[in-house]
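Heads up: the structure comes next, in structure tokens.
The values are calculated or read from the model by the stated rules, or taken from the named source; none is laboratory data. Note that the coordinates shown come from a computational prediction; the quantities given were computed from them, not determined experimentally. Positions of Cβ are backbone-derived with ideal geometry, glycine not excepted, and every protein chain shown enters the neighbour counts. The accessibility values were calculated without ligands, DNA or RNA, using every heavy atom of the protein model including side chains. Shrake-Rupley method; radii C 1.70, N 1.55, O 1.52, S 1.80 Å.
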Amino acid sequence: MTDPVLALLVVIILVLFVLGAVSAALPATVRQATGFVAAGASGFGALLALLSLTLAATDATLELPIGPPSLAFTLACDPLSGFFLLLLFLTGTAAIVFATETEPASDPATLSGPVICIAGLALALLATDGILLGLGVAVASLALWATGEPNRARGMQLSIGLLAAGAMVIVSALGASTLGLASLDGSVLGLSTLGVSTLGGASGSGLVRLADRSSLPTHLAFALALVAAGALAGLAPLHRWLVLAPTVMPARAGTLLCGAMVPVAVYCLLRTVASGAGMGFAPWWGALLMALGAVSAVVGAWIAAREPTLATIPAALSCRQTGLAAIGIGLTLFALATDLPSMARLALGGMFLAVVGQALCVTVLMLVSGAVLRSAGSLRLDRLGGLIHRMPLTASCVMAALFGLVALPPGLGFAASWLLIQAALAGLRSTSAPTQILFVGLIAGIALSAALALAAAVRLIGVAFLGRPRMPRSSVAEDIPRPARPVPLVLAGLSLCVGLLPGIALAFLAGPAIHRLSGGRGEPIRASLALLPLEGEAGYVPLVILALLALGAAATIAVLRRLSVHQRDGPAWQDGFARAPAWLPFGDPLTQTDGRGFVPDLPSVRISRGGRIRLPRLAGRVQPGRVPAGSVPSGSMRGRLATAGHAVLALVVGLLMLVVWIEAL
Amino acid sequence: MILALSILAQLVHVALMLAAVPVLDCGMRWLAAWVAGRPGPPLLAGWWDIVRLFRKQVVVTEGQSPITTAAPAVCLALTAAGAVLVPSFTLGMVLAPCADLVAIAGLLMAARVVMVLAALDSGAAWGGLAASRSVSLTVITEPVLLVAVLALALAAGATNLDTIASIQHDDSVSAGVVLAAIPVIAVALGVLALVDTAEMPMDRIFSGGPLAVAKLAETLRLLVWFNLLGALLLPIGMAHIEAGLLDWPLGLLSWGGRTLFLAVCVTGLRAVGGRLSPAQTRPALGLALACGVLAVVMVLVGMAVA
């Protein structure tokens with residue numbers, strides 16, 4: 001069956017490829033027009049994706065007349081790829097419009113890289129086999145690699161993109177051979193059996209053979225796909241490149257890397273896992289993903305709270321969103337393996353909201369970082385400051401975007417974290433002792449990650465946008481050019497809307513995908529104003545919280561306006577110190593914090609030049625036989641508290657061992 | 001009928017909170033003075049303070065951004081939203097289905113963040129110090145809080161405050177399990193309440209009416225913590241909306257008693273040990289975390305055995 005929407009999507013991908021290829025050769029006057037055509041095509045793609053999400057009852061497939069003889073390529077659009085296509089085209093349109101409006105048209109590399117990257121990623125999202133998916137990811141990686149100066153981090157990015165592409169191809173081959181599913185019947189794609197089987201070019205839920213479910217090659221293929229997609233998405237041990245990459249590429253490429261390519265990598269992860277769930281994998285795969293996700297959520301947020309520049313902080317926050325999404329995927333896998341479809345729905349809801357936050361909010365932050373670099377001359381937090389006075393619109397967009405990433409009600413990030421916590425609570429109540437410890441750690445990890453992300457957001461806003469300017473350049477910065485202003489405003493506004501109506505957004509955009517991924521049983525997802533937990537009717541209602549906040553704030557402001565006596569301006573209180581001398585027009589820069597003391601350094605294992613491994617030094621560790629300067633006197637309040645804490649900790653460890661022993665009996 | 005009662009209960013609750021905040025502030029100052037052997041301020045002095053501050057001229061810092069201008073109102077609104085959701089004298093108020101524990105923790109944290117941003121906006125050295133201290137505490141406080149209430153949420157099967165408070169009333173198995181863990185959770189939440197209500201130097205940022213609003217928000221935060229501790233750990237005598245109006249006097253009485261008891265406890269702790277210094281805070285939070293984990297383990301073991 002050929003679907004008109006799918007055919008149009010393919011045409012758009014072709015148009016984008018052609019535009020990207022020819023735009024570098026065009027004269028500068030035509031190039032801006034090319035940018036608008038590309039943006040129009042991408043925006044039309046977003047509309048089509050939305051159409052396919054809301055209208056299409058069945059999945060559309062389209063057989064391409066190219067490919068190996070008995071194995072023609074097939075494209076398909078199901079609810080899952082439709083959701084990710086919508087996000088991809090949305091961020092892609094934003095990046096192209098913003099680049100066309102703000103960057104000089106004389107630079108031939110302005111457009112071709114981003115446009116080809118979007119086309120490649122769209123191809124990957126429509127692919128039904130690993131070869132096409134790998135091809136799309138590889139083209140996108142190459143296109144991003146070609147923009148920007150040569151550097152180690154960029155080389156790493158290319159190699160990781162190619163590794164992911166190669167792995168997808170290998171997995172498809174492995175999947176085809178181990179499962180014996182080389183046939184291409186083009187029937188309706190059952191999402192729960194997609195993934196390795198469909199990546200291998202097969203579909204149809206009845207074809208998966210029970211005997212092959214837990215064979216070693218299948219596990220190996222799954223592990224390989226996990227490593228590749230995880231590396232591309234910036235999942236925990238392989239996250240460092242993603243944080244560094246935006247420093248060596250222009251903002252438009254960084255935007256596409258963190259806001260478009262990383263969500264597609266999450267999509268690859270999800271496809272792989274969907275296959276695992278369809279094949280009845282053991283729950284420990286879910287536990288592994290949960291642990292990796294929790295580590296990356298914490299580490300990403302921690303790095304974001306320490307990074308010095310406006311470009312690397314959003315990248316690290318993108319790693320955190322990947323971690324949250326991985327937690328959601330792991331919880332889903334666990335829920336499906338233990339037959340808890342309603343828990344899987346909660347987890348998938350949290351995952352989809354985390355991905356929406358990644359696509360919308362990280363994109364806004366990366367776009368804005370480019371604007372700040374152009375206008376204030378630096379990306380380093382300790383060279384900016386006071387930008388809210390010169391760039392009010394930029395500052396409000398940054399605040400809205402960060403509000404969508406941190407876990408504060410009634411924002412998008414809070415809704416995602418809330419759903420994940422509820423799913424983890426449901427998991428905690430349904431398992432036995434050793435696994436329960438994992439879930440307690442998971443909930444603590446989500447909370448720690450949220451708090452660290454909050455610290456990162458406060459630091460970014462407080463140091464770069466509030467306070468006094470630190471350099472003359474930032475005191476004359478200018479806001480985003482007028483024609484480009486709607487782009488971050490629309491994206492930030494969308495993220496606020498999704499945060500306020502998470503139930504409705506999930507039902508419309510991801511409802512069918514969640515329904516199928518969670519086993520396809522039960523009622524379809526219904527739109528509602530509230531997010532509901534597993535049991536009971538009481539949940540989280542963002543609109544009620546917003547109404548309470550609006551009422552409270554309006555009443556307070558009215559009282560303040562009515563009753564306040566007139567105002568007088570005065571200098572900030574500087575603890576009685578004299579005003580700074582005339583040659584320091586913005587005051588003494590050393591008296592203003594640069595946000596370094598907010599969060600301590602991330603403890604890390606370092607390997608020194610001699611090959612010796614240096615373990616992280618934990619704060620407060622006392623050397624034997626030596627009393628350090630800041631030691632605890634034994635009789636003090638702090639000493640007593642510390643002793644009590646140690647005693648309780650020992651008790652907890654003992655009890656945990658007891659629980660494990662009781663369970664083992 | 002029940003709907004009308006629940007709306008009425010919500011309104012009474014809001015009025016009670018509004019009336020109690022200045023009195024609580026002054027009452028605790030009076031208690032502290034009484035412990036130290038000094039004559040304290042009269043109980044209504046809190047209201048007079050607010051009137052006095054509103055009569056003063058407002059001094060605006062040169063070069064402050066709209067963040068600082070909006071901060072007191074937004075901070076009070078965030079804290080007040082938390083206060084509206086946490087039950088005081090009765091369960092089953094009309095907004096009870098929205099009273100999610102995680103959301104209330106988020107609201108309290110958002111209120112703190114607004115004040116931190118205002119401190120950073122001043123561009124002064126003390127503002128940076130206060131902000132960095134507050135943020136580094138928040139980073140530890142949130143996970144500890146979530147682990148500490150996890151034991152209760154685990155037994156109730158939900159993070160809703162009303163559900164958690166009402167399981168302690170029925171005589172089911174989970175009620176027994178929770179009752180055993182309550183002293184441990186009380187230690188954890190008590191430490192958290194002490195750490196979380198540490199004051200920021202408001203009078204350096206604001207003056208006049210905005211200062212009054214900021215101080216009101218600070219005291220309301222303490223009251224929210226008192227109500228939270230009461231609803232989670234001591235919901236004795238709390239009325240139920242189904243039981244009708246007759247239970248309300250007892251509920252109001254028990255709420256007054258609980259608040260008085262907690263105020264005496266906090267004042268006594270502060271009088272004996274002084275306020276928690278930054279150096280004492282981290283071990284204290286470590287103790288709270290250990291207690292929270294212990295409570296979770298106790299509930300898990302209790303549920304496994306039962």
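Using C-alpha pairs under 8 Å with a sequence gap of at least 6, the mean separation divided by the residue count of chain B gives a relative contact order of 29 percent. Note that region B:2-305 shows a convex hull volume over its alpha carbon atoms of 133 Å³ per residue.
Accessible area buried by the pairing of B and A, both sides summed with a 1.4 Å probe, works out to roughly 6600 Å². Which residues does the label zone of B:Leu260 cover in region B:36-75, counting backbone N under 17 Å from a point 7 Å along Cα→Cβ? Hits in region B:36-75 for B:Leu260 at 17 Å: B:43-44. Taking Cα centre as origin and charging only the Cβ of basic (Lys, Arg, +1) and acidic (Asp, Glu, -1) residues, the dipole magnitude of chain B rounds to 940 debye. The HN-Hα couplings worked out from phi for region A:372-387 by the Karplus form 6.51 cos²θ - 1.76 cosθ + 1.60 (θ = phi - 60°) are 5, 4, 5, 9, 9, x, 7, 9, 6, 4, 7, 10, 9, x, x, 5 Hz, whole numbers, x standing for Gly and Pro. Tell me whether region B:1-142 comes out rounded, prolate or oblate; compute the Cα gyration tensor, take square roots of the eigenvalues as a ≥ b ≥ c, and use a/c under 1.5 as the rounded threshold. It is oblate, given that a/c is not under 1.5 and a/b is not larger than b/c. Enter the angle in degrees (range 0 to 90, nearest 10) between the Cα long axis of helix B:278-305 and the first principal axis of the Cα atoms of chain B, meaning the one along which they spread out most. Once rounded, the angle reads 20 degrees. Build a GNM of chain B with springs between Cα atoms under 10 Å apart, and of B:Trp47, B:Trp255, B:Trp34 the one that fluctuates most is B:Trp34. Working note: 222 nm ellipticity from helices only, DSSP H runs with n ≥ 4, each -39,500 (n - 2.57), summed and divided by the residues of chain B, gives -26000 deg cm²/dmol to the nearest 500.
Against chain B, whose longest principal axis comes from its Cα atoms, helix B:45-55 is set at around 40 degrees.
Remark on A:Ala60: its backbone amide H falls under 5 Å from those of A:Cys77, a criterion applied only to residues 5 or more positions apart or on other chains, H modelled at 1.01 Å from N. Rolling a 1.4 Å probe over the heavy atoms of the protein chains gives region B:135-204 an accessible area of 29 Å² per residue.
Carbon and sulfur together cover what percent of the accessible area of region B:2-305 at a 1.4 Å probe radius?
On the way: 7920 of 10820 Å².
About 73 percent, which is the carbon plus sulfur part of the accessible surface.
Magnitude of the charge dipole for region A:239-345, about its Cα centre and with charges confined to Cβ atoms of Lys, Arg (+1) and Asp, Glu (-1), is about 180 debye. Here the 3J(HN,Hα) profile of region A:73-87, calculated from phi with Karplus coefficients 6.51, -1.76 and 1.60 at θ = phi - 60°, is 5, 10, 9, 8, 10, 10, x, 5, 5, x, 4, 6, 4, 4, 5 Hz, Gly and Pro shown as x. So what's the gap between the Cα centers of region A:508-528 and region B:179-230, to the nearest angstrom? Answer, in whole Å: 41.
As I understand it, the dipole of region B:2-305 uses +1 on the Cβ of Lys and Arg and -1 on the Cβ of Asp and Glu, about the Cα centre. Which of B:His240, B:Val135, B:Val177 lies farthest toward its positive end? Toward the positive end, the furthest listed residue is B:Val135. Can you work out D for region B:139-212 in µm² s⁻¹ from Stokes-Einstein, where Rh is the Kirkwood radius over C-alpha pairs, the temperature is 20 °C and the viscosity is 1.002 mPa s? Value of D from the Cα-based Kirkwood radius: 148 µm²/s.
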